[in-house]
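Right, one structure below, let's go through it.
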Number of protein chains: 2
Amino acid sequence: MRPAKQLSFDTISKDKFIAYLLSSKAKQEMVELCCRLTQILGLPRSTGQIFGLLYFSSSPLSLSQVCEMLGISKASASTGTRQLVTWGALRKVWIPGERKDYYEALSDFGQLLRGGYGTIVKPRMSSSIIRLKKIEDSLNDDLKSNIITTEDHKFIKSRLDKIKKGHNKLIRFAPIIEKMIGL
Amino acid sequence: MRPAKQLSFDTISKDKFIAYLLSSKAKQEMVELCCRLTQILGLPRSTGQIFGLLYFSSSPLSLSQVCEMLGISKASASTGTRQLVTWGALRKVWIPGERKDYYEALSDFGQLLRGGYGTIVKPRMSSSIIRLKKIEDSLNDDLKSNIITTEDHKFIKSRLDKIKKGHNKLIRFAPIIEKMIGL
DNA sequence: TAGCTTGTTCAATTTCTATTGAACAAACCA
DNA sequence: TGGTTTGTTCAATAGAAATTGAACAAGCTA
């Protein structure tokens, strides 16, 4: 009895590889390692696992394969991959004749760091900084209406300045750090 | 009617200042700003608030004052300050004749970053890296017992190497980054 | 068109973390 | 000693975030 559909060499080798990832002890350790690294950036565990799996997969995988191999739900896989794609850690691969989306990890691990920095740290920083000017204003008002002593006002002002200075420094150095992080 | 205990100038000015922190709109904004910045490092909100309060206080505050002014429990205040002290963001101040512990924030905001990096990122990194060697071993075993093709083995090996390389780079650059971050 | 495959979204649930109240320990005082 | 003040610890609770099942949308096939 012949298989209904003849398997190409590529398909066979791919299936073998997936079977390996599913069975091997090393695989679990690899995914776990990668997962841990990505979790440093504050990613959910499931998302970390997805990246780990794809980072060590020599061929792109579909969503359903990711679900099956990691034992997570379609929903998690969908949201996880989307996030990783927007961060630039994964990329969609179009396989001709296939209706499924396939994903592969960029070898540049640093892309993940940069993505995380750009979407988590940076916006929070700037949204915080926007308020600085407002705070300084109400602080000056407090001084004028004698709610606060000149001395205390001076102290608070100096601390605010420190934050401003630090922020500027970070802004200035950020591109350099980003480049250095390019793993 | 005279107050039972004559207040020194210092005490009066301090009480005034605390009243200011309690009442002012600017205070809430300041604490919130600082809180947000510290939360970037993954600190609990209450801990962030403690740091924010002390960062903008011109005099050291006791635990009970922190509780009262932030409306948090003794337990949170105790654990929060302890963590901040071990990170080097706060320091205990001994006031002669007082039985309470007083705390003040170090003006060096970067100390917090370094503390967070040292106690959160660094250990996770190294504990992850320890496993690298182990993974490589089981990978080689898999190759020998023909569970995996030479090709796939090569691919996985290259990805592991990338992680190793990236880790080394981070280790090498960490001190430089730490210095640059010194706000 | 109906039926099938694939991916997304969202309310409900589970899981994890932060926070708290209360019991405890330590140091001081009278 | 007993009482008071201060700080710590921990089990229980409240709160936030991740995960999921299920309903939905979009695209293809016949």
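Taken over the stretch A:99-129, the criterion of being within 16 Å of DNA strand D (Cβ to nearest atom), closer than 23 Å to B:Ile163 by Cα and open to solvent by 50 Å² or more (accessible area, probe 1.4 Å) is satisfied by A:Thr119 alone. Could you tell me whether the stretch A:105-118 includes any residue that is modelled with pLDDT of 85 or more and within 13 Å of chain B (Cβ to nearest Cβ)? The answer is yes; a qualifying residue exists.
Checking the structure you have, find out if any residue of the stretch B:27-41 is within 16 Å of the chain's Cα centre (by Cα), at pLDDT below 90 and not in a helix (DSSP H, G or I). Within the stretch B:27-41, one or more residues are within 16 Å of the chain's Cα centre (by Cα), at pLDDT below 90 and not in a helix (DSSP H, G or I).
So for the stretch B:70-80 (the condition being more than 11 Å from DNA strand D (Cβ to nearest atom), over 20 Å from A:Ser158 (Cβ atoms) and open to solvent by less than 50 Å² (accessible area, probe 1.4 Å)), does at least one residue qualify? Taking every residue of the stretch B:70-80 in turn, at least one turns out to be more than 11 Å from DNA strand D (Cβ to nearest atom), over 20 Å from A:Ser158 (Cβ atoms) and open to solvent by less than 50 Å² (accessible area, probe 1.4 Å). Within the stretch A:48-69, the set of residues being more than 9 Å from A:Glu104 (Cα to Cα) and open to solvent by 30 Å² or more (accessible area, probe 1.4 Å) comprises A:Gln49, A:Leu63, A:Ser64, A:Gln65, A:Glu68. What do you reckon, is B:Leu132 surrounded by fewer than 21 Cβ atoms within 10 Å (Cβ to Cβ), in contact with a helix residue (DSSP H, G or I) (Cβ under 7 Å, 6 or more places away or on another chain) and assigned to a helix (DSSP H, G or I)? For B:Leu132, the condition - surrounded by fewer than 21 Cβ atoms within 10 Å (Cβ to Cβ), in contact with a helix residue (DSSP H, G or I) (Cβ under 7 Å, 6 or more places away or on another chain) and assigned to a helix (DSSP H, G or I) - is met. Consider A:Val93 carefully, then state whether it is in the same structural domain as A:Leu37 (by TED's automatic domain parsing), open to solvent by 20 Å² or more (accessible area, probe 1.4 Å), away from DNA strand D (no atom under 15 Å from the Cβ) and closer than 18 Å to A:Pro44 by Cβ. Considered against the rule, which asks whether it is in the same structural domain as A:Leu37 (by TED's automatic domain parsing), open to solvent by 20 Å² or more (accessible area, probe 1.4 Å), away from DNA strand D (no atom under 15 Å from the Cβ) and closer than 18 Å to A:Pro44 by Cβ, A:Val93 comes out as no.
Residue-by-condition table, conditions (1) more than 16 Å from DNA strand C (Cβ to nearest atom); (2) touching a residue at least 24 places away in the same chain (Cβ under 8 Å):
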residue	(1), (2)
A:Ala77	no, yes
A:Leu90	no, yes
A:Leu106	yes, no
A:Gln111	yes, yes
A:Ile130	yes, no
A:Asn146	yes, no
A:Lys157	yes, no
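Can you pull out every residue in the stretch B:166-182 that is more than 7 Å from chain A (Cβ to nearest Cβ) and either modelled with pLDDT of 90 or more or open to solvent by 60 Å² or more (accessible area, probe 1.4 Å) (or both)? Hits for the stretch B:166-182 are B:Asn168, B:Ile171, B:Arg172, B:Pro175, B:Ile176, B:Lys179.
Of the numbered criteria (1) open to solvent by less than 50 Å² (accessible area, probe 1.4 Å); (2) at pLDDT 85 or above, the one B:Asn140 fails is (1). The single condition among (1) within 16 Å of DNA strand C (Cβ to nearest atom); (2) over 18 Å from the mean Cα position of the chain (by Cα) that B:Ser59 does not meet is (1).
The values are calculated or read from the model by the stated rules, or taken from the named source; none is laboratory data. Keep in mind that this is a model prediction, so the values were computed, not measured. Positions of Cβ are generated from backbone atoms using ideal geometry, with glycine treated the same way; all protein chains shown enter the neighbour counts. Just the protein is used for accessible areas: all its heavy atoms, side chains included, with ligands, DNA and RNA removed. Shrake-Rupley method; radii C 1.70, N 1.55, O 1.52, S 1.80 Å.
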